[in-house]
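Step one of this worksheet: look at the structure below.
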Amino acid sequence: MAFEVIDKIVKLRDNYGMTLVLAEQNARRALEHGDQAILLVSGRIMYEGDSKELLKHPQLGQIYLGVKKA
């Protein structure tokens, strides 16, 4: 079901040039299809920029989960 929703959102964006805001738990899937990303952790912006760059970020899991190594 969630994949169908994202597919519909992508079609709206591509077919009608709409700007859409998506809050999604499946970060990888959302970043694969998004243009821009804002990553919030505990209410703080940890990343703002290109979604593909965030997807390639080596510490995405750590940042996304709010876990940092000591």
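Remarks
- In region 30-45, of all residues being closer than 17 Å to Leu20 by Cβ and of a type outside the set (A, V, I, L, M, F, W, C), the one that is surrounded by the most Cβ atoms within 10 Å (Cβ to Cβ) corresponds to Gly34.
- Region 30-70, subset over 25 Å from Lys8 (Cβ atoms) and of a type in the set (S, T, N, Q), residue modelled with the highest pLDDT: Ser42
Residue-wise test of (1) of a type outside the set (A, V, I, L, M); (2) outside any helix (DSSP H, G or I); (3) in contact with an Asp or Glu (Cβ under 6 Å, 6 or more places away or on another chain).
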position: Val5; (1), (2), (3): no, no, no
position: Val10; (1), (2), (3): no, no, no
position: Thr19; (1), (2), (3): yes, yes, no
position: Gln25; (1), (2), (3): yes, yes, no
position: Leu39; (1), (2), (3): no, yes, no
position: Glu48; (1), (2), (3): yes, yes, no
position: Lys52; (1), (2), (3): yes, no, no
position: Pro58; (1), (2), (3): yes, yes, no
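- Verdict on Ala27 being under 14 Å from Ile63 (Cβ atoms) and in contact (Cβ under 8 Å) with a residue 24 or more places away in the chain: yes
- Residue check, Glu48 surrounded by 10 or more Cβ atoms within 10 Å (Cβ to Cβ), charged (D, E, K, R) and touching a strand residue (DSSP E or B) at 6+ places or on another chain (Cβ under 6 Å): yes
The values are calculated or read from the model by the stated rules, or taken from the named source; none is laboratory data. Only a predicted model underlies this, so the values are computations on that prediction, with no experimental measurement involved. So basically every Cβ, Gly included, is an ideal-geometry build from the backbone, and we count neighbours across all protein chains shown.
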